[in-house]
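Here is the structure we will look at.
The values are calculated or read from the model by the stated rules, or taken from the named source; none is laboratory data. Bear in mind that the values here come from a model prediction, so they are computed numbers and not experimental data. Cβ placement follows ideal geometry from the backbone for every residue including glycine, while neighbour counts extend to all protein chains displayed.
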Amino acid sequence: MIAITAAWAGTALSASGPAQSRPALGTSTWRGIALGAEVHIAFVHDAGLDLDPLVARCKAEIARLEGLFSLYQPDSALSRLNRVGALDDPDQDMLALMSLALALGRETDGAFDVSVQPLWRLYADHFKAPDADPAGPDDEALQAALALVGHRRIRLSPGRIAFDRPGMAVTLNGIAQGYMSDRVAALLRRHGMTNVLVHLGEICALGEKAANEPWTAGIADPADAARLIARVPLRDRALATSAGAGVPFSADGRHHHLFDPQSGRSASRYRSVSVVAPSAAVADGLSTAFAAMPLGRIRTLVAARAETKALILENEGRLITL
């Protein structure tokens with residue numbers, strides 16, 4: 001829910017209909033709610049095609065994945081893992097997403113870390129108090145929470161996910177929305193849909209919106225949602241945006257949900273970070289990680305990944321494309 005809110009605040013979507021040269025095609029958009037936020041899927045399809053069965057499959061898949069990854073459903077697989085500290089016989093999608101999350105943690109030197117949920121709880125509880133110190137949690141409380149953070153303390157095997165230390169907890173909000181978009185897009189591709197845009201918090205585009213015309217996503221300035229800082233063409237690509245302004249804890253916005261796992265403080269290097277990649281889950285995780293990383297390290301990681309780029313909006317308003 002938190003990551004979806006941030007991404008929605010940082011990304012505006014344009015999905016216009018097919019060109020007049022393709023009169024046999026129609027467009028339809030399904031809108032709904034997933035992980036507590038508005039989501040939608042735009043279809044380009046043969047005129048007259050009944051999309052209801054496909055939409056029903058998509059809704060069922062979204063509900064199934066929410067039942068794995070939601071922090072807010074007490075019976076979800078993630079909630080059970082956090083409550084008990086271990087999860088036996090995890091679903092294959094839970095294993096796949098956790099495996100990807102830990103791999104991204106290693107690749108980003110820990111800048112992406114799904115075990116930061118204790119920091120979220122610390123900041124949420126701190127700023128919920130009527131007399132909360134605007135400077136944030138004190139050092140003692142911060143160090144106690146940081147002692148429970150560390151992706152390398154998560155043990156993963158085909159039959160079990162477990163924490164090394166009592167009190168640890170995981171959030172998948174920095175990657176689950178992208179993974180869900182990927183999975184729904186794959187479902188639609190299996191059922192013959194070749195031109196679709198899936199937005200379940202992060203964007204996954206299949207094919208194009210019209211003949212020789214890609215889907216287009218506009219990235220908005222978090223400080224001014226009416227101002228687009230870039231328009232990104234997407235054809236069989238995904239886009240994710242992370243912006244601390246989407247979910248602030250403090251009134252001044254200095255404390256927000258994008259944490260630097262090393263310091264325990266909110267990452268403040270950039271106003272927003274967007275990533276284009278072949279996978280929405282990877283774009284989602286990298287945009288979260290890049291928020292806490294220096295520009296040089298981001299440049300190195302982007303250069304090492306095929307068909308991946310980053311759009312960094314600096315706090316002063318300058319856009320850097322890597």
Does A245 satisfy the condition of being touching a helix residue (DSSP H, G or I) at 6+ places or on another chain (Cβ under 8 Å), at pLDDT 95 or above, surrounded by 16 or more Cβ atoms within 10 Å (Cβ to Cβ) and not in a loop (DSSP other than H, G, I, E, B)? no
Going by what's in this entry, would D113 be described as of a type outside the set (G, A, S), within 24 Å of A283 (Cα to Cα) and assigned to a loop (DSSP other than H, G, I, E, B)? yes
Among G167, G192, G174, G218, which is in contact with a Phe, Trp or Tyr (Cβ under 9 Å, 6 or more places away or on another chain) and either free of Cβ contacts under 8 Å to residues at least 60 places away in the same chain or not in a helix (DSSP H, G or I) (or both)? G174
Select from the range 200-214 the residues that are in a strand (DSSP E or B) and modelled with pLDDT under 95 and list them in ascending order. A210, E213
Among residues of the range 81-110, those that are within 22 Å of R165 (Cα to Cα) and either surrounded by 15 or more Cβ atoms within 10 Å (Cβ to Cβ) or in contact (Cβ under 8 Å) with a residue 60 or more places away in the chain (or both), counted: 19
Scan the range 130-164 for residues that are farther than 16 Å from W120 by Cα, modelled with pLDDT under 95 and surrounded by 13 or more Cβ atoms within 10 Å (Cβ to Cβ) and jot them down. none
So, in the range 266-298, of the ones that are touching a strand residue (DSSP E or B) at 6+ places or on another chain (Cβ under 8 Å) and of a type in the set (D, E, K, R), which residue ends up nearest to A245 (Cα to Cα)? R271
Matching residues in the range 38-73 (modelled with pLDDT under 95, surrounded by fewer than 19 Cβ atoms within 10 Å (Cβ to Cβ) and either touching a Lys or Arg at 6+ places or on another chain (Cβ under 9 Å) or part of a strand (DSSP E or B) (or both)) number 3
Working carefully through the options R265, R231, R297, find the one that is out of contact with any helix residue (DSSP H, G or I) (no Cβ under 6 Å at 6 or more places or on another chain), closer than 19 Å to L102 by Cα, surrounded by fewer than 23 Cβ atoms within 10 Å (Cβ to Cβ) and of a type in the set (D, E, K, R). R297
